[in-house]
């Protein structure tokens, strides 16, 4: 003879509560079958719980279990948990693997110090070892910091200078095993970072096209793309990057515009630092030949600009015709040149 019918509340599906009616003497297997029918989920793909206990059809000894075994009474609240299957796609990144033409090394990774035998580590042109993952992460950090060159950061000890060897992009691309998306990302950032720091490069404030002045003397300039699109002359101030408001050629009429090259503001406002024990040296200098802004990182005072010019970061003296620095070796103390007030090359 059937017992009393219980009304149970099932929660956990789509945020709703579903009522289940079942005989008080029913087995857990019968209850789970009802839950499966309600949820349209296979029994193996769900869990049913009551007061922190999972309801199983049989106990550890193989005995059939009933509602009474779990002390489930009328108006009890049950919870169902879906056991999800893995999807057909995975976002897990696959390890980067070198092709057969890359010669591996047993030297440790300069960042992780991993020296596992058979690991994916190659020597950079300067002889220091790195894995493709470490190389990708390091170069991406440089790009995020606005850099456009990849220089080896290896130091034998804390007191030694950085290796600072320049890694060409084609080397980075190959030994970092860049994907097509990563290559696009890197190429874009290298170019953008260089243009933002290169000689006389600005963005039109309207169309954001990269621009340079034909005459370095002009402050009032015309954007041909905006002029064509608008059907009328579009002029802006080269220094404050705002629409030109006056009929003058030197005063744009915009509040706060100093009429100075924005690179000069960077040089004037940059902090002072000690370079090879010489204090009060500006942290940013303009190349004495092309005007490219260069920030001193650490140690050596001898600089080589991408334009090819060698110079001393402290005294700003250019290397001689033979390419030799005129103020001594890399750690020789010399006299600090004043803060630059003009941009070379303009």
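Points worth noting:
- Residue in the stretch 142-153 that is surrounded by the fewest Cβ atoms within 10 Å (Cβ to Cβ), counting only those that are assigned to a loop (DSSP other than H, G, I, E, B) and on the phi < 0 side of the Ramachandran plot: 145
- Hits in the stretch 2-25 - residues which are more than 13 Å from residue 73 (Cα to Cα) and surrounded by fewer than 10 Cβ atoms within 10 Å (Cβ to Cβ): 2, 14, 15, 16, 19
- Residue count, the stretch 284-303 (criterion: buried (at least 16 other Cβ atoms within 10 Å of the Cβ) and assigned to a loop (DSSP other than H, G, I, E, B)): 10
- Condition met for residue 280 (touching a residue at least 40 places away in the same chain (Cβ under 8 Å), over 31 Å from the mean Cα position of the chain (by Cα) and in a strand (DSSP E or B)): yes
- Top-ranked residue in the stretch 154-191 [being assigned to a helix (DSSP H, G or I) and exposed (fewer than 14 other Cβ atoms within 10 Å of the Cβ); ranked as modelled with the lowest pLDDT]: 191
- Exactly one residue out of 274, 249 is modelled with pLDDT under 90, surrounded by fewer than 14 Cβ atoms within 10 Å (Cβ to Cβ) and either in a strand (DSSP E or B) or in contact with a strand residue (DSSP E or B) (Cβ under 6 Å, 6 or more places away or on another chain) (or both), and it is 249.
- Residues that are part of a helix (DSSP H, G or I) and either in contact with a strand residue (DSSP E or B) (Cβ under 6 Å, 6 or more places away or on another chain) or under 30 Å from residue 305 (Cα atoms) (or both) occur in the stretch 256-263; there is at least one.
- Verdict on residue 129 being in contact with a helix residue (DSSP H, G or I) (Cβ under 6 Å, 6 or more places away or on another chain) and free of Cβ contacts under 8 Å to residues at least 40 places away in the same chain: no
- When the residues of the stretch 46-60 are filtered to those that are touching a helix residue (DSSP H, G or I) at 6+ places or on another chain (Cβ under 9 Å) and outside any strand (DSSP E or B), the one that is farthest from residue 72 (Cα to Cα) is 59.
The values are calculated or read from the model by the stated rules, or taken from the named source; none is laboratory data. Computed from a predicted model, the values in this text were never measured in an experiment. So basically every Cβ, Gly included, is an ideal-geometry build from the backbone, and we count neighbours across all protein chains shown.
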